[in-house]
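Notes to accompany the following structure.
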Amino acid sequence: MTRYHKKARELRGVERPSHDDPASFSPRGIILDEEQSRLVDANSIPMPRIGPTTDDFQSGLCEWEKRLRCITRQTISTPSGLDLFGTIPFPFHLDHRDRNLLFHYSTVFNYTNMPVNSKEEWIKFAVTDAALLHTTLVISALHVALICGQEFSVDAFRHQRAAVNILNDRLNDPILSSTDSTILSISCLALIDILNASPLGAAPHTTALEQLVNHRGGLTTLGFNGIVRRKALWADLSSAIAQRIAPRFPFSSEKLPMGRPSDAIPITVNTSAVNICTEVSDWVAGSPYPPGIEAIIHDLQRLSLVLSSANRADMAEIDQLMLSDSFYDLERRAYDLLLQAENRNSVSQIVPKHSASITPNSFLYPACCLTAIIYVSLALREIPPRAGIFNPLLGRLTTLLRDIDIFAACTTHPKTLLWILGTGGAAALGREERSLYVKWLDHFCRTQHIYEWDEMRVAFSSSIHLAPLYMTEFMDVWNDVEEFRIMRDLIEM
């Protein structure tokens with residue numbers, strides 16, 4: 001049992017301290033929000049959920065309410081009574097809500113999301129710049145809103161306005177306009193808009209980002225241990241994907257200090273049974289599309305093994321910045337292949353779909369590219385499936401799948417199709433497309449004679465290695481498939 005599992009067990013079992021006893025308040029000992037629960041489940045891989053009783057449900061609601069009050073209303077104080085904020089010269093005055101948000105970011109957000117960037121160093125840098133600190137508080141406020149199930153956050157809105165006002169003033173200053181903190185803040189604002197399904201809102205940020213980076217002298221001149229460059233690249237790529245345009249910044253994986261993150265930890269999962277790459281390689285070889293998607297899927301599996309084998313309570317074993325580079329590299333390669341496939345498929349707009357030049361691979365290849373991009377965000381970056389960043393990706397994937405003969409693909413490309421349908425279904429949480437993926441998966445399972453969860457796990461494990469969090473999200477999809485079957489059988493009786 002890892003320290004992470006022990007912490008999860010303690011979180012479920014210990015009595016929560018009272019709000020009247022701030023001296024005993026320890027956020028890492030009382031908070032188990034939605035995101036942390038997802039990560040706990042990802043490590044334990046439980047069986048499909050069973051509906052709770054009414055009493056259990058009511059008690060669960062009360063417990064959630066207590067936890068959320070601890071996040072949003074608790075007066076910040078450390079067990080030792082040391083004032084966390086008294087010795088830090090913040091660039092602007094923090095009221096009690098701001099302190100709660102900063103405390104939430106450093107003690108909850110950092111431990112409930114995959115540490116892709118060095119977040120402790122991020123905090124040290126953020127508290128030195130007004131715009132970057134406001135942006136950090138926006139991220140924290142949005143995370144609290146996600147936990148509380150709110151669609152709008154007043155704190156996020158006010159801090160975003162403050163950050164934009166500061167940045168607008170800086171853009172008139174030839175020196176301040178191209179500093180690391182300014183470029184990093186603009187990158188974060190662009191990502192925030194994209195993550196919240198507002199790519200048009202992010203467009204002005206990415207335009208300014210390109211101009212400032214070029215004025216600075218290019219990506220290689222950006223500092224802060226490479227974090228500024230990584231954020232700028234991710235913001236640019238995310239904006240391009242959402243708007244279906246080419247990225248602004250050039251990229252070559254050879255230019256990145258790419259390494260093998262898995263070399264830092266032992267890989268204990270047997271890879272001999274994995275053969276989705278063979279299936280993909282076979283049908284790509286007989287298609288007019290460029291090779292490379294099978295290599296991307298191979299690298300996705302390798303990173304999934306890294307996350308499966310790592311001790312999630314101590315991610316210091318892994319070079320987090322190298323991991324971030326690896327995520328971006330996969331997204332960029334998959335998107336470049338997607339653009340090539342879509343350019344080639346543009347002929348389908350004038351050629352009838354029954355034409356011999358339009359084959360199932362005409363839709364399956366770009367579907368694989370989109371699935372790879374979704375997988376990176378969902379399973380590797382661990383972005384919650386309800387985030388707006390999945391909206392355009394899921395819409396494009398669903399459109400492609402409507403044009404695929406699911407019955408035929410179940411026979412000719414079963415491993416590829418299972419991965420695509422499973423990823424789309426997991427990302428469709430809370431969206432109307434979810435029912436489509438449930439129906440398609442039900443059809444797939446009937447074709448492959450898969451009726452139990454254990455059989456589905458075997459089907460996945462014999463096809464592709466997946467990140468732990470992916471299997472947790474997919475279990476929700478499987479539960480929907482089972483309920484769909486039950487209702488269908490009851491109607492047909």
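The values are calculated or read from the model by the stated rules, or taken from the named source; none is laboratory data. None of the values given here were measured: they were computed from a predicted structure. Note that each Cβ is placed from the backbone with ideal geometry, even for glycine, and that neighbours are counted across all protein chains shown.
Enumerate the helices (runs of 4 or more DSSP H) found wholly within the stretch 381-427, keeping only those where 1 or more residues are buried (at least 21 other Cβ atoms within 10 Å of the Cβ) and under 20 Å from the mean Cα position of the chain (by Cα).
390-402, 414-427
Answer yes or no as to whether residue 332 is buried (at least 17 other Cβ atoms within 10 Å of the Cβ), basic (Lys, Arg) and at pLDDT below 90.
Values: buried (at least 17 other Cβ atoms within 10 Å of the Cβ): yes; basic (Lys, Arg): yes; at pLDDT below 90: no.
Judged against the criteria, residue 332 is not a match.
All but one of (1) of a type outside the set (Gly, Ala, Ser); (2) surrounded by 20 or more Cβ atoms within 10 Å (Cβ to Cβ); (3) part of a loop (DSSP other than H, G, I, E, B); (4) without any contact (Cβ under 8 Å) to a residue 24 or more places away in the chain hold for residue 432, so report the exception by its number.
With (1) of a type outside the set (Gly, Ala, Ser); (2) surrounded by 20 or more Cβ atoms within 10 Å (Cβ to Cβ); (3) part of a loop (DSSP other than H, G, I, E, B); (4) without any contact (Cβ under 8 Å) to a residue 24 or more places away in the chain applied to residue 432, the lone miss is (2).
Within the stretch 187-246, which residues are over 18 Å from the mean Cα position of the chain (by Cα) and of a type in the set (Ser, Thr, Tyr)?
206, 207, 220, 221
Going by what's in this entry, would residue 407 be described as closer than 17 Å to residue 364 by Cα, at pLDDT below 95 and out of contact with any Pro (no Cβ under 8 Å at 6 or more places or on another chain)?
Details: closer than 17 Å to residue 364 by Cα: yes; at pLDDT below 95: yes; out of contact with any Pro (no Cβ under 8 Å at 6 or more places or on another chain): yes.
It is true that residue 407 is closer than 17 Å to residue 364 by Cα, at pLDDT below 95 and out of contact with any Pro (no Cβ under 8 Å at 6 or more places or on another chain).
Just to be sure, is residue 451 of a type in the set (Phe, Trp, Tyr), in a loop (DSSP other than H, G, I, E, B) and on the phi < 0 side of the Ramachandran plot?
yes
Just one of (1) at positive phi; (2) part of a helix (DSSP H, G or I) trips up residue 197, so point out which.
It is condition (2) that residue 197 fails.
Please find, within the stretch 88-108, the residue that is surrounded by the most Cβ atoms within 10 Å (Cβ to Cβ) out of those that are of a type in the set (Val, Ile, Thr) and either within 22 Å of the chain's Cα centre (by Cα) or part of a helix (DSSP H, G or I) (or both).
Across the stretch 88-108, the extreme among qualifying residues is 108.
Return the pairs, sorted by first residue and then second, in which the second residue is crowded, with 23+ Cβ neighbours inside 10 Å and among the basic types (Lys, Arg), the first residue lies in the stretch 172-185 and is assigned by TED's automatic domain parsing to the domain that holds residue 209, the beta carbons are less than 9 Å apart, and the residues are 6+ apart or on different chains.
Pairs found: 183/231; 184/231.
Are any of the residues in the stretch 246-256 modelled with pLDDT of 90 or more and surrounded by 22 or more Cβ atoms within 10 Å (Cβ to Cβ)?
no
Residue-wise test of (1) modelled with pLDDT under 80; (2) among the acidic types (Asp, Glu); (3) exposed (fewer than 14 other Cβ atoms within 10 Å of the Cβ).
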{"residue": "263", "(1), (2), (3)": "yes, yes, yes"}
{"residue": "268", "(1), (2), (3)": "yes, no, yes"}
{"residue": "278", "(1), (2), (3)": "no, no, yes"}
{"residue": "290", "(1), (2), (3)": "no, no, yes"}
{"residue": "302", "(1), (2), (3)": "no, no, no"}
{"residue": "343", "(1), (2), (3)": "no, no, yes"}
{"residue": "347", "(1), (2), (3)": "yes, no, yes"}
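What pairs come up if the first residue lies in the stretch 121-150 and is within 16 Å of residue 383 (Cβ to Cβ), the second is among the basic types (Lys, Arg), and their beta carbons are under 8 Å apart, counting only those six or more places apart or on different chains?
Qualifying pairs under 8 Å: 146/386.
Could you give every pair whose Cβ atoms fall below 8 Å, whose first residue belongs to the stretch 444-471 and is closer than 13 Å to residue 422 by Cβ, and whose second residue is modelled with pLDDT of 90 or more and assigned to a loop (DSSP other than H, G, I, E, B), counting only separations of at least 6 or pairs across chains?
444/450; 445/451; 456/450; 459/450
When you check residue 131 against the structure, is it within 19 Å of the chain's Cα centre (by Cα), at pLDDT 90 or above and part of a helix (DSSP H, G or I), yes or no? Let's see the steps before the verdict.
Values: within 19 Å of the chain's Cα centre (by Cα): no; at pLDDT 90 or above: yes; part of a helix (DSSP H, G or I): yes.
So residue 131 fails the test.
Does residue 426 satisfy being aliphatic (A, V, I, L, M) and at pLDDT 95 or above?
So residue 426 fits the description; yes.
Given the conditions (1) touching a Gly at 6+ places or on another chain (Cβ under 7 Å); (2) without any contact (Cβ under 8 Å) to a residue 60 or more places away in the chain, report the number of the one that residue 191 does not fulfil.
Only one criterion in (1) touching a Gly at 6+ places or on another chain (Cβ under 7 Å); (2) without any contact (Cβ under 8 Å) to a residue 60 or more places away in the chain is unmet by residue 191, namely (1).
Condition first: farther than 19 Å from residue 128 by Cβ, out of contact with any His (no Cβ under 8 Å at 6 or more places or on another chain), hydrophobic (A, V, I, L, M, F, W, C) and not in a helix (DSSP H, G or I). Can you find one or more residues in the stretch 217-235 that meet it?
no
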